[in-house]
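One structure is given below, encoded as structure tokens.
The values are calculated or read from the model by the stated rules, or taken from the named source; none is laboratory data. Only a predicted model underlies this, so the values are computations on that prediction, with no experimental measurement involved. Note that we place each Cβ from the backbone using ideal geometry, even for glycine, and neighbour counts take in every protein chain shown. To get the accessible areas, we keep the full protein, side chains included, count just its heavy atoms, and leave off ligands, DNA and RNA. Shrake-Rupley method; radii C 1.70, N 1.55, O 1.52, S 1.80 Å.
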Amino acid sequence: MADEKFKTIKLLGRVFFTFDLETVTGLHIGGSDTGIEIGGVDKTVIRDTLTNRPYIPGSSLKGKMRSLMEKYLGLKQNQPIHNGFIHSCGAEYKTKEDLEKKGKPEYKNCDVCQVFGIPGERDFSTPTRLIVRDVQLTDASAKELEDSKRTDFPFTEVKTEVSIDRVTAAANPRQMERVPAGVVFAPGEIIFSVYHGDDCDAGRDIDRLKAVVSGLQLLEDDFLGGLGSRGSGKVRLANLKVGVRSKEKYLEDPAPLGKGQYATLAELGHDLATIQADARRALGV
Ligand SMILES: [Zn+2]
């Protein structure tokens, strides 16, 4: 029985999505709260240490897509993480038997855990399919912000939020640092691995590309970072490219899937069935 732990899983290929990410409204992705406050700003944005430019951590993008997909699919958010709860198959089962009997079949059918992964390792878990890279501010946007001299700090603006204390009616102003609207971060890169073998089914992986694209669409319709309910964090994807690198042609450039290029996420979404059919053909699934 012991060798049931060892699985043979084969990588058939990888699907690559690249895109520009534009801020439609100001974007606040918080840096470390223990960092040095600049100019008395309460909430600073995360910046690249080398360039001092704000950037979008892949973990923020991936975490937001995951959380939106969990709600979209109505999954139970049953595992505590540092700032709330996420869904994770098997999190509530303590015994090995329950994990095997209930957790494993749930996991097998779970788009979120298969695509986005589960925290830590469980005996039944297979490799996380999705990698989401950090996205940097483009040189063009950085230059535009510098030249405009319209920002309060390098590349960012300060927005004052006033909250009213419900009991005393006292105004309580807070200063939030945001990346202004109309700037471009690129290239965004999302990589989806297709596996086959023990506990992995390549056909289902390709079906699950729908979860990736849906996660991006949910993000466009929601917000990224903080203060979303007050208008911040609306983003739009543009100039999308999608391609596949099969195991056999791994040293070649990714072959385009569907039309290969899409001006908007909606256009890519409408073509998803073709993209999936092309991916099946390229990977021999
Ligand atoms: Zn799950």
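Please find, within the stretch 217-267, the residue that is modelled with the lowest pLDDT out of those that are closer than 24 Å to residue 69 by Cα and polar (S, T, N, Q).
Applying the filter and picking the extreme gives 229.
Kindly provide the set of residues from the stretch 186-217 that are open to solvent by 40 Å² or more (accessible area, probe 1.4 Å) and assigned to a helix (DSSP H, G or I), ordered by number.
Selection gives 204, 207, 210, 217.
Residue check, residue 121 against (1) under 28 Å from residue 16 (Cβ atoms); (2) modelled with pLDDT of 90 or more, all met but one. Which one?
(2)
If you check every pair at least six apart or on different chains, which have Cβ atoms under 9 Å apart with a residue in the stretch 57-76 that is without any contact (Cβ under 8 Å) to a residue 60 or more places away in the chain and under 11 Å from residue 219 (Cα atoms) first and a residue that is among the polar types (S, T, N, Q) and open to solvent by 30 Å² or more (accessible area, probe 1.4 Å) second?
Here the result reads 67/77, each pair linking the stretch 57-76 to a residue that is among the polar types (S, T, N, Q) and open to solvent by 30 Å² or more (accessible area, probe 1.4 Å).
Would you call residue 182 in contact with a Ser or Thr (Cβ under 8 Å, 6 or more places away or on another chain) and over 27 Å from residue 216 (Cα atoms)?
In short, no.
Of a type in the set (Val, Ile, Thr), on the phi < 0 side of the Ramachandran plot, touching a helix residue (DSSP H, G or I) at 6+ places or on another chain (Cβ under 8 Å) and touching a residue at least 12 places away in the same chain (Cβ under 8 Å) - does that describe any residue in the stretch 252-267?
No: zero hits.
Has the stretch 136-155 got any residue that is within 16 Å of residue 200 (Cβ to Cβ) and more than 11 Å from the ligand (Cβ to nearest atom)?
no
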